[in-house]
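Peer 1: Sharing a structure here in structure tokens format.
Each reported figure results from applying straightforward, stated rules to the coordinates on display, with no laboratory input. For clarity, every value in this text was computed on a predicted model and none was experimentally measured. Don't worry about glycine lacking a Cβ; one is built from the backbone with ideal geometry, like all the others, and counts go over all protein chains shown.
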Amino acid sequence: MEGEENVLELIRRRASVRRFLDRGVPDEVVEEVVAAGQRAPFTGQMYSVVVTSDPEVRERLGELYGALPRVAPLFALVCVDFRRLERFVAARGRENRADDLTMLFLGIQDAAYAAQNMVLAAEALGLGSCFLGAAPRLAREMTEIFGLPSRVYPLVGLVLGYPAESPPPRPRIPTDLVLHHDRYRDPSDEDVERALAVMDAGLLREGYYGKYSARRDAGSEEKYGWGEHVARKYSTRPGDLETMLELLAEQGVQLRPGEDRDGRD
Ligand SMILES: Cc1cc2nc3c(=O)[nH]c(=O)nc-3n(C[C@H](O)[C@H](O)[C@H](O)COP(=O)(O)O)c2cc1C
């Protein structure tokens with residue numbers, strides 16, 4: 001282990017990277033990252049990762065996700081994949097009878113733990129990365145671009161590359177609000193303010209929102225912190241449950257009771 005970074009140190013210093021060197025990621029490194037992702041605990045290994053470094057595809061992805069897929073040399077789409085698991089079940093002459101909400105709970109966990117393992121492995125190999133959360137809403141476009149079949153649903157994008165910045169670790173809310181001993185404890189109003197103050201101070205110190213996004217509309221940039229960010233994000237999001245259910249159904253993932261998992265093929 002000597003000379004190798006301790007896992008805890010790596011976890012503590014990791015930060016999402018949004019600026020990259022113009023240098024490709026070798027295939028062996030990509031394979032190592034994905035293989036490390038696979039070492040995560042799983043229930044059914046219900047995920048697939050589609051990677052591309054194709055400049056034209058990344059340009060198109062840039063139109064959909066914003067600048068990051070253009071500036072990072074590698075884009076990975078992490079998908080929840082029921083299809084392959086169902087092949088395994090069929091290979092033993094049976095059929096998957098679990099409902100799709102249960103499947104989603106499990107599949108999202110499989111894919112997410114693998115994705116985070118990939119992030120840490122990438123970091124250990126000298127790469128930086130950043131998740132892109134719009135993938136589920138871009139299911140039609142992802143399906144078309146990456147040829148996703150029925151029962152495979154895009155969960156999250158991940159850009160990867162050699163970093164051209166080394167951002168400081170970003171703040172987190174105090175652990176005493178996350179860790180509960182014996183019984184769940186609701187935060188007091190003071191706890192809430194304390195948590196928001198910690199978050200705002202850390203991100204404002206870095207100049208985070210001014211650096212990565214044009215928040216000029218927020219008035220004074222100094223005032224746009226995490227509190228303002230989540231308040232805006234979660235209070236203005238359009239109700240798109242119907243759209244999500246429709247997109248899922250198009251990929252053969254059926255959350256409405258009584259409907260078949262036929263999807264498109
Ligand atoms: C599911 C998910 C979706 C995310 N989507 C985006 C995104 O669309 N754009 C972006 O710049 N960062 C995105 N991020 C990165 C977060 O902004 C980042 O992890 C968070 O601010 C904490 O910062 P850190 O990773 O540097 O500690 C996403 C992270 C997750 C887990």
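Peer 1: Find the all-direction average of the projected area of the Cα convex hull for segment 47-96, expressing the result in square nanometres with one decimal place.
Peer 2: Over every viewing direction, the Cα hull of segment 47-96 projects on average to 4.2 nm².
Peer 1: About its Cα centre, what dipole magnitude does segment 1-123 give when the only charges are +1 on Lys and Arg Cβ and -1 on Asp and Glu Cβ, stated in debye to the nearest 20?
Peer 2: It works out to roughly 340 debye.
Peer 1: Now a separate question. Among SER16, SER166, SER48, rank each residue by its count of other Cβ atoms within 10 Å, from fewest to most, as a rough exposure measure.
Peer 2: Listing SER16, SER166, SER48 from fewest to most nearby Cβ atoms yields SER166, SER16, SER48.
Peer 1: Which semi-axes, in whole Å and largest first, does the equivalent ellipsoid of segment 98-249 have when worked out from the alpha carbon gyration tensor as the square roots of 5 times its eigenvalues?
Peer 2: 30, 22, 19
Peer 1: Give me the extension gain from ARG92 to ARG23: residue separation times 0.36 nm, minus the current Cα-Cα distance, reported in nm with one decimal.
Peer 2: 20.3 nm
Peer 1: So how long is each side of the chain along the principal axes, counting just the alpha-carbon atoms, biggest first, in Å?
Peer 2: 58, 45, 42
Peer 1: If we count other beta carbons within 10 Å of each Cβ, what is the order of MET244, MET199, fewest first?
Peer 2: Result, fewest neighbours first: MET244, MET199.
Peer 1: Neighbouring Cβ atoms within 10 Å as the yardstick, rank THR175, THR243, THR52, THR143 fewest first.
Peer 2: Ranked by crowding around the Cβ, least crowded first: THR175, THR243, THR52, THR143.
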